[in-house]
Amino acid sequence: MTTLTLETEPLAVHVSVTDESLIVGLVDGRSLIVPLSWYPRLLKASQKERQNWQLLADGYAIEWVDLDEHIGIEGLLAGKKSGESHSSFERWLSMRGTSSQDEQANNSNAADG
């Protein structure tokens, strides 16, 4: 087994969120683009909630206070998706007044319409 050793700590300097992607600009000039589907809370969030982010410390992580979502930059580089369990995500959705079944039904109705 090989171990990746990072020469410098990856730090974010900018974040943008589209309907499909999370885009993170790093201090060294690289950009990371990951599917929003990796982070269900961001996927279900409104545009306003997605844009309300802040960098933690020197940019080692991104926090969305409204969504109780925290994503570490090292995890993004490693390709780690959200580790939230389905039951935890369902509880979060129910606190927002929606569920994944409601979302599926709404998406199905929109496709039929």
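A short reminder: the numbers here are calculations on the coordinates, not readings from a lab. These numbers come from a predicted model, not from an experiment. Here Cβ is always computed from backbone atoms with ideal geometry, including for glycine, and neighbour counts include all displayed protein chains.
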Mind checking the full-extension length gain between residue 54 and residue 19? Use 0.36 nm per residue of separation minus the Cα-Cα distance, one decimal, nm. 10.7 nm
Note the full-extension length gain between residue 9 and residue 91 as 0.36 nm times their separation in residues minus their Cα-Cα distance, in nm to one decimal. 26.1 nm
So how do 7, 49 line up by other beta-carbon neighbours within 10 Å, fewest first? 7, 49
